[in-house]
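Below is one structure, written out as structure tokens; the observations come after it.
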Amino acid sequence: MTATKDIAAAALAEHAPHETFTLNLGPQHPAAHGVLRVLMTMDGEWIQRAEPIIGYIHRMHEKMGENRTYAKFLPNTSRIDYLSAMHYTHAFVGAVERAAKIEVPARTEYIRVITSELNRISSHMVWWGALLLDLGGFTPILYAFDDREKILDLLEGLCGARLTYCYYRFGGLSNDADDAFLKGTRDFVKHMQPRLQMYRDLVTDNVILRKRLTGIGPISADICRKYGATGPVIRGSGVAYDVRRAEPYSVYPQLQFKIPTYTECDSMARYLVRMDEMEQSLHIIEQALDQIPAGPFMAAKVPRVLKLPAGDTCYAVEAARGRFMVRIVSDGKDQPYRVKLRAPSFSNLSLFEETSKGMILPDALAMMGSLDLVIPDIDR
Amino acid sequence: MNLLELEPIRVLLYLVGICAFVGGNAAYLVLAERKGAGRIQRRPGPNEAGWAGILQPIADGIKLLAKQVMVPPGTDSLLFRAAPLMVMAPPLMCLATIPFSDTLVARNLNIGLLFVFSFGSINVMALMLGGWASRNKYAIISAARVVSQSVAYEIPMLLVVITMLMVAGTMNLQEIIVQQAGGFWHWNLFKVWVNPLMPVTFVIFFICMLAETNRAPFDMAEAESELVAGAFTEYGGMGFGVFFMAEYANIVVGCCLATILFLGGWQSPIGVLSGGFWGLGWFLLKLYALIFTVIWIRWTFPRTQFYSLLNLSWKILIPISLVTLLLTGVVMKLPLLFR
């Protein structure tokens, strides 16, 4: 591996001033997962410079937040990162609750944790399948979607939506979780544990996959900090940063779970972090199911027209791709003065230009796959 | 006088037969591949056109034929049009020497093996021309990959073939099969007394065959998640269809050769019932078992990395195939010392 890198560096040094061409990867390219465009200066198959150009699916979510009421903006939050809609709604709802000082019932918090973790698993499954598609393996995504379907069915039974849930409300939930959901979730956890073992046997231990990911695209902890990368990306670089522990919210302090970290910093480390996270999420769901209390699912007094007191509030959650934070600046009206959405994919993509220098094209795409980008999340 | 003994009629029959065999295989292997992939991926695969999707290849063919053949501006239009023809012709030529049974062979050439490999290597040039003429950056990257991949994999493949040539002592494919008569333990695959590494040799041949036909996990030429569609990016309609058919035709030729060289061709695995239609049956059985393995591998493994592909060839396959070559030579010539 190192020998290959040396050859790459030598080839770059030798041919740098001449014989390069520009490759416009995207916005419609199979590896772009949507409409990401990467402008690459290539020396043969070696990348000299890869500049991500974003904004093709910019939908002005932050501006939309400023000119409608809090409740009207709530559905937007599910559509930023459509793969982990629960977390994003959680952050917005949490910020509003924090500003308005609404006490959320304990049962609600547990249901939020269960649904958030289910959403994290389903999001990681999509990532897993899509990464394997990037690497040229077609079968795993269908296995992952088979299992993901079970999660979507559960959440559909709960709130009627399969992707953009909008299930959390200020002070509670749109409706209580019934016994069918709780039992279904228990069954799912039992079903999923052996499936994760199967994923490991089929894919993780595959020698071709290991060769494609091990040592590819190393991202040091310093680079992660420099660009603000969070989530599995920074945990794959050996930093145990997890918002659920670093800035505890909801009932996560009452739940036991490990923060998987790997110090190898390569794509395989980020892969393994996500695989371990699925396991930990199942573990969290099990505990939450055991501890969930009976009681109301809505806070007692939530005003119909919500007017937050003037001030500045932040609320961060650990979304599937990292730290998602909502900052609401209110001037006391029924509409926020400013809504800032801190999206993890944006920071995670930012480091691509620096780290992809001198990589070969398929390796760079493997690394991009291991960053788990969702383009609407980047562009917002 | 029997009409079949007339030479022109025999030539015509073989021509039609081979074209039909290649066309039918290409069409129905696509269906088999899609059905097999469906099974592997827990979904039904194509099942709408006809009973269980049996008419799907015809529907696909009509769709591809009905599309306009686009030659994008700026391409070398002569080469662009010639490439699909050049990629299709070699497997058709190769099949002329393949013996399907003890009597069913279009041309029983004494240099059959050489003939197959000399035509087999044209395929790469056609892919390269297609990629080059397209004037598309992805296609050009793909063309460069195809050439270096092919150079890397022709060498171990030919070393293996030389080993087999030494074992057989003839380039006539029919004679190679006749030598393997009488039960599966007489097949070259199991002739460990000639060369203890014979099964390894077969595996090398099979890997090289996958690489030569650009099949997963070595599908560098197409690599759809990296290079969009590789060398075929600019091809649409039947131009693309011909490349696709040629891929399957090449797989058929490769698997035919593997069957003939290692698995006893049309010989029965139990030593009896090898003649006539039985022979044809055994041959096709072995052929399709190998083709199924090719499909199976594609839908199970991710794509390899380009440099690990070259490393595999230069650092592992070529040394091993050299060792098998040497070993075979030693084992064959050793008895002469003690005579």
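The figures follow:
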{"quantity": "Of all residues in region A:31-58 being in a strand (DSSP E or B) and among the acidic types (Asp, Glu), the one that is modelled with the lowest pLDDT", "calculated": "A:43"}
{"quantity": "Residue tally, condition over 24 Å from the mean Cα position of the chain (by Cα) and either buried (at least 22 other Cβ atoms within 10 Å of the Cβ) or among the aromatic types (Phe, Trp, Tyr) (or both), over region A:318-358", "calculated": "3"}
{"quantity": "Selected residue (only one of B:295, B:316 is within 14 Å of chain A (Cβ to nearest Cβ), within 19 Å of the chain's Cα centre (by Cα) and assigned to a helix (DSSP H, G or I))", "calculated": "B:295"}
{"quantity": "From A:80, A:47, residue being surrounded by 15 or more Cβ atoms within 10 Å (Cβ to Cβ), under 30 Å from residue A:331 (Cβ atoms) and of a type in the set (A, V, I, L, M)", "calculated": "A:80"}
{"quantity": "Region A:49-89, subset farther than 24 Å from residue A:156 by Cβ and of a type in the set (Ser, Thr, Tyr), residue farthest from the chain's Cα centre (by Cα)", "calculated": "A:69"}
{"quantity": "Options B:293, B:304, B:300; residue that is β-branched (Val, Ile, Thr) and closer than 24 Å to residue B:116 by Cα", "calculated": "B:293"}
{"quantity": "Residue match in region A:355-370 (condition: away from chain B (no Cβ under 14 Å) and part of a helix (DSSP H, G or I))", "calculated": "yes"}
{"quantity": "Where a residue in region A:209-222 is more than 14 Å from chain B (Cβ to nearest Cβ) and in a loop (DSSP other than H, G, I, E, B) and its partner, wherever it lies, is buried (at least 24 other Cβ atoms within 10 Å of the Cβ) and basic (Lys, Arg), with Cβ under 9 Å and at least six apart", "calculated": "A:219/A:270"}
{"quantity": "Only one of A:142, A:152, A:132, A:163 that is under 30 Å from residue A:268 (Cα atoms) and outside any helix (DSSP H, G or I)", "calculated": "A:163"}
{"quantity": "Meets criteria (hydrophobic (A, V, I, L, M, F, W, C), modelled with pLDDT of 85 or more and surrounded by 18 or more Cβ atoms within 10 Å (Cβ to Cβ)) for residue A:289", "calculated": "no"}
{"quantity": "Identity of the residue in region B:126-178, among the hydroxyl-bearing types (Ser, Thr, Tyr) and more than 28 Å from residue B:245 (Cα to Cα), that ends up surrounded by the fewest Cβ atoms within 10 Å (Cβ to Cβ)", "calculated": "B:170"}
{"quantity": "Residue match in region A:270-286 (condition: over 30 Å from residue A:74 (Cα atoms), at pLDDT 90 or above, within 14 Å of chain B (Cβ to nearest Cβ) and assigned to a helix (DSSP H, G or I))", "calculated": "yes"}
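The values are calculated or read from the model by the stated rules, or taken from the named source; none is laboratory data. The structure displayed is predicted, hence computed values, not measured ones. When we count neighbours, we look across all protein chains shown, and the Cβ atoms used for this are built from the backbone with ideal geometry, even at glycine.
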